[in-house]
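Okay, so here's the structure we're looking at.
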Amino acid sequence: MSITAIRGFNDILPGQTGLWRQIEQTAWSIFRAYGFGEIRLPIVEKTELFLRSIGETTDIVEKEMYTFPDRHGDMMTLRPEGTAPAVRAFVEHKLYTAPVTKLYYTGPMFRYERPQKGRYRQFYQIGAEVLGDESPRADAEALSMLMKFFATLKVKGASLQINSLGDANCRPAYKEKLYNYLKGKAGELCENCLRRIETNPLRALDCKAADCIEATKEAPSLVDSLCEGCAAHFDRVKYFLRLYGIDPLVNPRMVRGLDYYTRTTFEITADTGLGSQNAVAAGGRYDRLVEELGGPATPCFGFAIGMERLALLLEGEQALAAPLTVFIALGDEAEKKGVELVSAWRGAGIRVVEEFSAGGLKTRMKRADRLGADFAVILGENELNEGVVTVKDMKQARQDTVAWDKVASIIAGAGH
Ligand code: HAM
């Protein structure tokens, strides 16, 4: 039996991690400029945390969580998302003593979904949460930061859709209205929606089944049923977004797969070529969650970016890792000097791999090529005597004699 990775759980190989790091570093430098601090959260949480936050009638909780008893019999869950853990940490460590807390995290999430390109059972998110700001300006600023992040990475075709899901004032009445409408269409709905009418009727608006899309075409719109406070908040979000130069599309059918949202919700789609897997980031406002998890009333807004989907979009477009240099020393004396030189070059930030094999120069050059070298640096007896090396530019098929102390600057400046 050969051992392979479990389907839906990916290895991220060295050829990909350069891009991943670039994405993470871009996020980090932009988010930091907006005052976010990094939080590192555990991968495992008590199951109850997700039941109470994501909601018991959501797809995630009903069928996608990796839940198991530990040796003591306590129920544990591999986190399917980062917002609930971030709020748990916020409450546990009383981070609410600050007027506003801005948290940022990256890491793997786990959902038992049907794996396909762009959808995995272990996937990575970059998430950000603003805790303690009720202003619509906070929604717009976080969204503008996110759009700036996508623009910096030169993501093509990123488009923002927003909606408002109302709050405890207006959503119950809307739910009732929608419930009655859906009841009248019961014969036309898919089995799943039929079952969900009773527990979570809003989900029917998001169903991808053609019959359900048709049946809900004329359904009452939540945006038209918002109470005064929610409608004013939504208007201000749109106003501030325009102030940031963003023209959002309002999609009143967009309901999210997590129950904690109130008021603003959003999705950013890009042309992934992956059909329904085109959401690269999503999130919204969750003004009640901190209280529901035992903290003081704290209005919040946040989002998460899907790393795999973003990496798929950017593949091949980024200037990747620094050039690779392979160093070949010919003979004992050159090897001795090589130890010192390689250490100095590495200290100057050059990526150097030493080629230790025993073959002749031709064989070792072939190995350098197979290692993917951008440069081969050769130190033989003649070079040793003259204080130089031969630097071979593998991509340009050119070679030069270079003084030892000039090697680092020449390679660093070559920029393949
Ligand atoms: P979400 O919409 O469930 O929101 O996930 C956010 C993003 O994670 C999606 O837009 C997608 O890019 C990526 N994603 C989700 N599931 C998968 C999967 N199975 N495979 C690959 N990528 C996936 C949340 O998780 C919320 N916690 C966002 C949030 C933060 N809301 C407020 N604060």
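The values are calculated or read from the model by the stated rules, or taken from the named source; none is laboratory data. Please read these numbers as outputs of a predicted model, since none were measured by experiment. Neighbour counts run over all protein chains shown; Cβ positions are idealised from the backbone, glycine included. The area values use the complete protein model at the heavy-atom level, side chains included, leaving out ligands, DNA and RNA. Shrake-Rupley method; radii C 1.70, N 1.55, O 1.52, S 1.80 Å.
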As straight-line cross-link partners of Lys175, the qualifying lysines (C-alpha separation under 29 Å, not fewer than 8 residues apart within one chain) are Lys63, Lys183, Lys185, Lys208, Lys217, Lys238
Long-range share for the chain, i.e. C-alpha pairs more than 27 Å apart as a percent of all pairs, stands at 61
For the chain, the per residue accessible area (1.4 Å probe, Å²) is 50
For the stretch 84-211, the dipole about the Cα centre with charges only on Cβ (Lys and Arg +1, Asp and Glu -1), to the nearest 20 debye, works out at 500
Row for the stretch 364-416, column shape: gyration tensor on C-alpha, a ≥ b ≥ c, rounded if a/c < 1.5 i.e. under 1.5, prolate if a/b over b/c, else oblate; value oblate
Magnitude of the Cβ-charge dipole (Lys and Arg +1, Asp and Glu -1) of the stretch 1-159 about the Cα centre, nearest 20 debye, reported as 600
Once amide hydrogens are built 1.01 Å from N within the peptide plane, the residues lying 5 or more places from Leu324 or on another chain with amide H under 5 Å from its amide H are Asp374, Phe375
Note on the stretch 324-411: alpha-carbon gyration tensor, axes a ≥ b ≥ c; rule is a/c under 1.5 for rounded, else prolate if a/b larger than b/c, else oblate; result rounded
For the chain, the charge dipole (Cβ of Lys, Arg +1; Cβ of Asp, Glu -1; about the Cα centre) points to a positive end, and the Cα of Gly338, Ser144, Gly132 closest to that extreme belongs to Ser144
Cross-link reach from Lys336 to lysines, straight Cα distance under 26 Å and at least 8 residues apart if same chain, gives Lys362, Lys366, Lys392, Lys406
Computed about the Cα centre, the charge dipole of the chain from +1 Lys/Arg and -1 Asp/Glu charges at the Cβ has a magnitude in debye, to the nearest 20, of 460
Note: the stretch 10-169, point scatterers on Cα, Debye, no solvent; log10 I/I(0) at q = 0.10, 0.14, 0.20 Å⁻¹ equals -0.44, -0.90, -1.56
Given Cβ charges of +1 for Lys and Arg and -1 for Asp and Glu, the option among Leu384, Leu324, Val352 whose Cα lies farthest towards the positive end of the dipole of the stretch 324-411 is Leu324
Accessible-area order for His93, His233, largest to smallest, probe 1.4 angstrom, reads His93, His233
Quick shape check on the stretch 158-197: root eigenvalues a ≥ b ≥ c of the Cα gyration tensor, a/c under 1.5 is rounded, otherwise prolate if a/b tops b/c, else oblate, and it reads oblate
Residues other than Gly229 with Cβ under 13 Å of its Cβ, Lys/Arg counted +1 and Asp/Glu -1, net out at -1
According to the Cβ-distance criterion of 4.7 Å, cysteines of the chain with no possible disulfide partner are Cys190, Cys193, Cys230, Cys300
On the accessible surface of the chain, probed at 1.4 Å with all protein chains in place, carbon and sulfur together account for a percent value of 50
If each K or R counts +1 and each D or E counts -1, the residues other than Val339 whose Cβ falls under 13 Å of its Cβ total -2
Rounded to the nearest Å, the spacing of the alpha-carbon centers of the stretch 264-291 and the stretch 1-35 is 19
Total charge of the residues flanking Asp393 in space, meaning their Cβ is under 14 Å from its Cβ, with Lys and Arg +1 and Asp and Glu -1, is 0
In the stretch 324-411 the DSSP beta bridges are antiparallel at a rate, in percent to nearest 5, of 55
